[in-house]
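Notes follow the structure.
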Amino acid sequence: MSYNTFGRVFRFTTWGESHGPALGAVVDGCPPGIALAEADIQPWLDRRRPGQSRFTTQRREPDQVRILSGVFEGRTTGTPISLMIENVDQRSKDYSDVALAYRPGHADYAYDAKYGFRDYRGGGRSSARETAARVAAGAVARLVVPQVRVRAWVEAIGGDAIDPATFDGAAIGANPFFCPDPAAAARWEEKVDAARKAGSSLGAVVVCEATGVPAGWGAPLYAKLDSELAAACMSINAVKGVEIGDGFAAAALSGEQNADAMRPGADGPAFLANHAGGIAGGIATGQPIRVRVAFKPTSSILTPVATVTREGDATEIATKGRHDPCVGIRGVPVVEAMVALVLADQALLHRAQCG
């Protein structure tokens with residue numbers, strides 16, 4: 001059984017392959033009466049769109065979204081919203097070698113092991129191209145929770161991290177790395193260029209923060225806000241780790257160090273720290289939700305790597321074509337979308353139970 005749907009009340013299903021004629025998403029459970037047009041979705045897709053700098057894949061896709069259903073006279077009807085994005089710049093011939101041998105680190109072998117058959121053109125469903133549909137669905141989710149602001153940025157590339165002391169939110173949209181530290185962005189230009197020219201790739205860490213989430217969203221056990229966020233972010237192509245709040249670093253703290261101490265505030269407790277990342281016992285505390293996401297280096301690289309053919313013979317493979325030297329860069333709008341989708345779902349779940 002393969003699952004292509006995520007969410008409980010606010011659900012979305014993605015469809016399509018990297019080199020098929022189109023891909024898209026069907027959003028179900030969206031409340032009726034919300035103003036929605038293609039112009040509300042397109043700016044978010046434009047942030048993820050490939051070919052905008054030399055630091056991303058040079059595949060040229062306009063990623064123009066079309067709303068096919070679920071909207072009438074500019075408002076959602078409460079019925080499924082179908083979103084479509086055409087593929088216009090495929091080069092399937094670049095994957096002739098991938099048809100014969102597996103790319104180490106990619107899903108090629110795993111897909112063959114599961115299905116006995118795979119779409120080798122760009123990886124089919126395992127391609128990061130699928131995430132365009134998630135970003136489109138995430139744009140709809142943002143409209144369901146307009147009181148929430150979701151913002152992500154790149155914290156590190158290839159192990160080189162920003163300086164938190166020089167964090168500048170205004171800089172995130174002013175460079176091709178979604179980087180809040182201009183000095184780090186300048187270093188990353190050389191770092192990513194070097195990897196690209198060497199036919200290699202780099203990993204990255206993306207941080208996402210959601211503010212305006214009220215205390216109470218979430219659930220104590222099987223729909224925990226943090227477990228839903230972790231599942232959503234781990235489902236993104238190339239993600240290998242997710243932390244909420246201090247994450248693994250919390251294991252090195254004492255109880256008093258890790259405690260988010262409280263004092264009386266005007267509208268409930270005033271927290272003196274946020275080690276928990278805005279979530280306690282699976283339920284939002286009202287503090288900023290903070291998620292860190294680790295992206296592995298892109299598996300499709302020009303550097304030859306030892307592998308095997310589908311018949312089991314030893315060989316080497318160097319992947320041709322156009323690929324991101326650091327897939328985590330364009331992962332920023334994807335992480336934002338997945339966080340927004342979870343929060344929209346949790347908002348509706350909370351309203352259903354608690355009014």
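The values are calculated or read from the model by the stated rules, or taken from the named source; none is laboratory data. These numbers come from a predicted model, not from an experiment. Here the Cβ positions follow ideal geometry from the backbone for every residue, glycine too, while neighbour counts run over all protein chains shown. These area figures cover heavy atoms from the full protein model, side chains too; ligands, DNA and RNA do not enter into them. Shrake-Rupley method; radii C 1.70, N 1.55, O 1.52, S 1.80 Å.
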Share of the range 198-355's accessible area from carbon and sulfur, percent, 1.4 Å? 57
Residues of the chain: accessible area per residue with a 1.4 Å probe, Å²: 45
Mind ranking 65-78, 221-234 by how tightly packed they are, going by the mean number of other C-beta atoms within 10 angstrom, highest first? 221-234, 65-78
As a test question: what accessible area, to the nearest 10 Å², does Glu190 have when a 1.4 Å probe is rolled over all protein chains in place? 140
Phi-based couplings in Hz for the range 104-118 (Karplus 6.51, -1.76, 1.60; Gly and Pro marked x): x, x, 8, 8, 3, 5, 4, 5, 5, 5, 7, 9, x, 6, 8
I need two numbers for the range 231-305: Rg to one decimal and Dmax as a whole number, Cα atoms only, in Å. 17.1, 61
Take peptides 111-117, 11-17 and line them up by average Cβ neighbours within 10 Å, highest first, as a rough protection proxy. 11-17, 111-117
Would you kindly calculate the translational diffusion coefficient of the chain, applying Stokes-Einstein with the Kirkwood radius from alpha carbon pairs, for 20 °C and a viscosity of 1.002 mPa s, and quote it in µm² s⁻¹ without decimals? 101
Output wanted: per-residue J couplings in Hz (rounded whole) for the range 243-258, from phi through Karplus 6.51 cos²θ - 1.76 cosθ + 1.60, θ = phi - 60°, x for Gly and Pro. 10, 10, x, 6, x, 5, 5, 5, 5, 9, 9, 7, x, 6, 6, 7
For Ala280 and Ala35, what is the calculated FRET efficiency with R₀ set at 45 Å and r taken between the beta-carbons, to the nearest 0.05? 0.85
